Amino acid sequence: MPTSPSPDADDRGTSLRAGFRAGVPYAVVGFLLSTSFGIVAGDAGFPAEATIVMSAIVFAGSAQFAAVTILASGGTAAAAIAAGALMNSRFLPMGIAIGPSMPGRAAWRAAQGQAVVDASWAMASRGDGTFDRWFLFGSTAPQYVMWLAGTIFGAVGGGLFEDPAKLGLDAIYPTFFLALLIAEVRNRTTFVVALSGGLIALALVEVAPAGIPVLAASLVAAWGLRRRPEAPA
């Protein structure tokens with residue numbers, strides 16, 4: 001399996017710093033989003049310690065919100081884990097794509113892959129099928145720190161917020177992913193794929209179990225990959 005060439009120390013430092021700067025805006029949004037998660041989990045009866053540990057280990061907003069929602073509504077732990085796995089299934093194709101850019105043995109590549117989050121993965125792409133892993137590491141670092149900090153703030157100080165919706169915290173998560181989507185719409189094919197996937201997910205979100213709308217939208221994205229690339233609009 002081919003791998004991208006190893007950069008020298010200067011190149012690594014440059015990529016890390018560039019990634020860190022690019023990741024800061026997403027980290028700010030992540031802080032607000034994870035604050036909302038900490039509050040929601042507390043309202044659902046989760047101890048602050050469990051909420052914080054979940055963010056530290058899972059570090060995946062959609063999966064965490066889905067799991068808390070299921071458990072709070074009386075669902076089983078197995079159902080919550082299954083929903084989280086479905087929500088995070090998008091990382092399978094992302095991991096396959098970035099794998100050749102991660103050097104070393106399988107275990108070391110898997111360890112490096114823990115830095116893959118949506119925004120960092122998209123920004124680290126060089127556009128030719130390879131990824132800048134140092135940019136990925138740099139951009140994920142502030143996001144992880146702020147995600148954990150926001151969870152702690154929400155879980156411990158959640159009592160300060162009577163209704164998170166009044167502060168707009170409930171709108172942060174969809175807005176965050178909408179911003180990522182807009183950045184990826186570069187031509188007619190990506191526009192059709194984005195619109196079709198969004199409509200399918202919207203149609204299923206009220207009738208299908210958590211995670212199914214995302215998987216259905218991913219099938220549309222897979223169809224889009226089969227299309228011949230077009231010149232950017």
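The values are calculated or read from the model by the stated rules, or taken from the named source; none is laboratory data. Remember, it's a predicted structure, so these values are computed and weren't measured experimentally. Note that we place each Cβ from the backbone using ideal geometry, even for glycine, and neighbour counts take in every protein chain shown.
Data table
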{"quantity": "Residues satisfying the stated conditions in region 29-59, i.e. closer than 15 Å to Q143 by Cα and of a type in the set (G, A, S)", "calculated": "G30, S34, S55, A56"}
{"quantity": "Qualifying residue in region 84-100 (condition: modelled with pLDDT under 90 and among the β-branched types (V, I, T))", "calculated": "yes"}
{"quantity": "Among (1) exposed (fewer than 15 other Cβ atoms within 10 Å of the Cβ); (2) modelled with pLDDT of 80 or more; (3) in the same structural domain as A56 (by TED's automatic domain parsing); (4) not aliphatic (A, V, I, L, M) - the single one Q143 does not satisfy", "calculated": "(1)"}
{"quantity": "Helices (runs of 4 or more DSSP H) enclosed by region 36-107 - at least 1 residues per element that are polar (S, T, N, Q) and either in contact with a Ser or Thr (Cβ under 8 Å, 6 or more places away or on another chain) or surrounded by fewer than 17 Cβ atoms within 10 Å (Cβ to Cβ) (or both)", "calculated": "48-58, 61-72"}
{"quantity": "Selection within region 60-79 - over 21 Å from T140 (Cβ atoms) and either touching a residue at least 12 places away in the same chain (Cβ under 8 Å) or under 12 Å from the mean Cα position of the chain (by Cα) (or both)", "calculated": "A66, A67, V68, T69, I70, L71, A72"}
{"quantity": "Residue within region 45-54 that is outside the structural domain of V205 (by TED's automatic domain parsing), more than 28 Å from T14 (Cβ to Cβ), within 18 Å of the chain's Cα centre (by Cα) and of a type in the set (F, W, Y) present", "calculated": "no"}
{"quantity": "Any hit, region 201-210, residues being modelled with pLDDT under 75 and either within 27 Å of G23 (Cα to Cα) or not acidic (D, E) (or both)", "calculated": "yes"}
{"quantity": "Scope region 103-130; condition aromatic (F, W, Y) and within 17 Å of the chain's Cα centre (by Cα); matching residues", "calculated": "W121"}
{"quantity": "Subset of region 89-111 that is free of Cβ contacts under 8 Å to residues at least 24 places away in the same chain and touching a helix residue (DSSP H, G or I) at 6+ places or on another chain (Cβ under 7 Å) - its residue that is nearest to G13 (Cα to Cα)", "calculated": "R109"}
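A quick yes/no check of all residues on (1) at pLDDT below 80; (2) among the charged types (D, E, K, R); (3) in the same structural domain as A50 (by TED's automatic domain parsing):
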{"position": "G154", "(1), (2), (3)": "no, no, yes"}
{"position": "A165", "(1), (2), (3)": "yes, no, yes"}
{"position": "T175", "(1), (2), (3)": "yes, no, no"}
{"position": "L199", "(1), (2), (3)": "no, no, no"}
{"position": "V214", "(1), (2), (3)": "yes, no, no"}
